[in-house]
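This report refers to the structure that appears directly beneath it.
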Amino acid sequence: MNTNNKLLASTILATASLFVAATASAQHAAPVDTAPVAALTADEAMGSTLSSPEANALQALITNDWLEEELSAETEAGVLMTVRATYAQNVFEPVWTKKGAQSLKRARADLFSYGIVASDTSADLLENMIDQRFNGETSEARAEADLRLTAAWVRMASAVSGGLSDNGEAATSKTDKPSMSMVQKNLIKAAKGDADDVLSDMEPTHPQYMRLKKELKQYRELKAEGGWLAIPAGDAIEPGDTDARVPALRERLEREGYMEPETWTEALLQTIGLDDSEATDETKDASVDPEMVFDTKLEEGLKAFQRHHGLEDDGVLGDKTLAALNESVESKIDRIADTMNRWRHYDDLGEKYIWANIPSFMVEGWDDGRMEISMKTIVGMPSRETPVFSDQVEYAVANPKWYAPVSIVKKDKLSKLAKDPSYATRKNFTVIDRATGQQVSAASVDWTDPASAQNYQLIQGPGASNALGDMKIIFPNQYSVYLHGTPGKRLFDRAQRTFSSGCIRLENPDEMAEWIAEDDPVVSKKDVEEALEGTAPERINFTNETQIHITYMTVTVGEDGTPYFWRDVYNEEGGLMMVDKYAPLYIPQTEEEMAKASTSRKKG
């Protein structure tokens, strides 16, 4: 390398070092994504023993904003700065070794298991890049190919991790060693031969994500086996009915594992309390077609399916259950992959956290990697959706007052008060004139005037009718959303629970507050219990760190490894590119085909 090039390289290297040092103090409160700088030998740093023409070409491409033109629309500017710094520290020599290039090919193949389709970097295109990197006719071609391999790695890493946000801004090291960006460290490691391992390390480790990954593999295997067929539409079928669509229903439940394969005759005999040894010619009378009978085992299988799809488990094949059954295996694969991708956008959930998932109408409390508490929830109706966000719990209020929001007064209360002003007294509301701050009689207000919703504040006192129940848990946020109880306990018996105005109602809010307080250094579970024994509002300030994550995941996996496909209550999946949303229609078989199928099932 000539003197001018060495000087320029040194200048850029120094500038990159200054960038890291200057921004370190600005990031002291941000999550640290850094690692000690590993000491590299000259050969490791260079990646190969190439001559300076490639370095000259790389220097020209990088200083002429090649990376920005290629990747600026896909990743943060800070990530590009980190990549530039990596090449500068490498004296602009190519970073990708042959071993690294082969590991990048393996990494691309692994994307499928992560639920990612590598559409922008095809296998052939990647192979051409690798060939150009090591066998290109010109130094410029070899240099650009090295950058293209880096760009491919950045895209893959971004897809697997949920987006690279390491801005190359190293926080102050906790040791005396200098720090460098994880993006830089991972790029060097990948280029040297560990691209696939690096990619795996960047994958989320949330319990749900890891379980979903296993389910993705299972459902892809189901697809490879042919998936399942849709059940023809018709009248509802109830247990005990005889219907020509029963074989289709039974086969559909068997395919997804909600029933064990068996012959129809065995199923009928078990339903009436007989096995094959007890069966007589009379019970096997040809006038009873066992294949068409909606028997007890089929009912149990259908109920299990309904519970795993957010439906009322009444054991009846109605319209909603039919629609869920007829969703294709391809659609479920897309939903699993989409949910995995949603989890990628969550970093550290916290050691202790609350997970409230909207479509499953459930909330869970996790501590140190274990679920310790769970309960049903009621979430916002589609016209008043519960928002998705994360925050930290700050305090709870036992026996709370409810300050009815203007929007709810306007939509829900004005008509009731206009019809009967005594509604306020019956429901324990105090009416406050906002202009004077004074309490007024509900009978003195013209509730037919829409402006009264803004002019008067409704405050509901503690008690049995209070809309918040006996506990609310607060994490101040822009949406004014929080967790609370409710007097309407019967609603928790419903399968779909979209009844609130945006807040999340808990089945047992007292237990949740006590769980939050369990490891708090200042307040205790006993403090919560004593606060609830009173009748006046009492605030409980938590000093521990309990995160809360309100999510919208339409697929979850239970601790036993069984998947749940929840109803898309807010139509969030409307934009999913599902190739085949519904399964192909089931066509009844001929008697000969049915006999063969029955024999095959019995052997299985």
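Before moving on, here are some points about what is shown:
- For segment 347-565, the number of Lys pairs separated by eight or more positions or lying on different chains, with C-alpha atoms closer than 18 Å, is 17.
- Among beta bridges that DSSP assigns inside segment 397-547, antiparallel share in %, nearest 5: 90 percent
- Radius 10 Å from Cβ of Glu572, net charge of other residues (Lys, Arg +1; Asp, Glu -1): -3
- Under 5 Å between amide hydrogens, built in the peptide plane, is the criterion, and for Tyr395 it picks out Ile474, Phe542 among residues at least 5 positions away or on other chains.
- Here each label is just a point 7 Å from Cα along the line to Cβ, and for Ser444 and Phe389 those points are 3.7 nm apart.
- Model label zone, Asn544; criterion: amide N under 16 Å from point 7 Å along Cα-to-beta-carbon; scope segment 509-525: 510-525
- The charge dipole of segment 347-565, taken about the Cα centre with unit charges on the Cβ atoms of Lys, Arg (+1) and Asp, Glu (-1), comes to about 1600 debye, rounded to the nearest 20.
- Charge tally for Ile474 (other residues, Cβ to Cβ under 14 Å; Lys, Arg +1; Asp, Glu -1): 0.
- Taking other residues whose beta carbon is less than 11 angstrom from the beta carbon of Thr138, and scoring Lys, Arg as +1 and Asp, Glu as -1, yields -3.
- Label point distance in nm, Ala224-Glu127, each placed 7 Å from Cα along Cα→Cβ: 2.2 nm
- Note that segment 76-89 has calculated 3J(HN,Hα) couplings of 6, 4, x, 5, 5, 4, 5, 5, 4, 5, 4, 5, 4, 5 Hz, one per residue in order, obtained from phi through the Karplus relation 6.51 cos²θ - 1.76 cosθ + 1.60 (θ = phi - 60°); glycine and proline are x.
- Theoretical FRET efficiency, 1/(1+(r/R0)^6), r = Cβ-Cβ of Ala60 and Met210, R0 60 Å, to 0.05: 0.85
- Extension gain, Lys98 to Asn135: 0.36 nm times the residue separation minus the Cα-Cα distance gives 12.2 nm.
- Leu414-Thr296 pseudo-label distance in nm [points 7 Å out on the Cα-to-Cβ vector]: 5.8 nm
Taken together, the values in this text are just the output of simple stated rules run on the coordinates, not laboratory data. On a predicted model such as this, the values are computed, not experimentally measured, just so you know. Cβ: placed from backbone, ideal geometry, glycine included. Neighbour counts: every protein chain shown.
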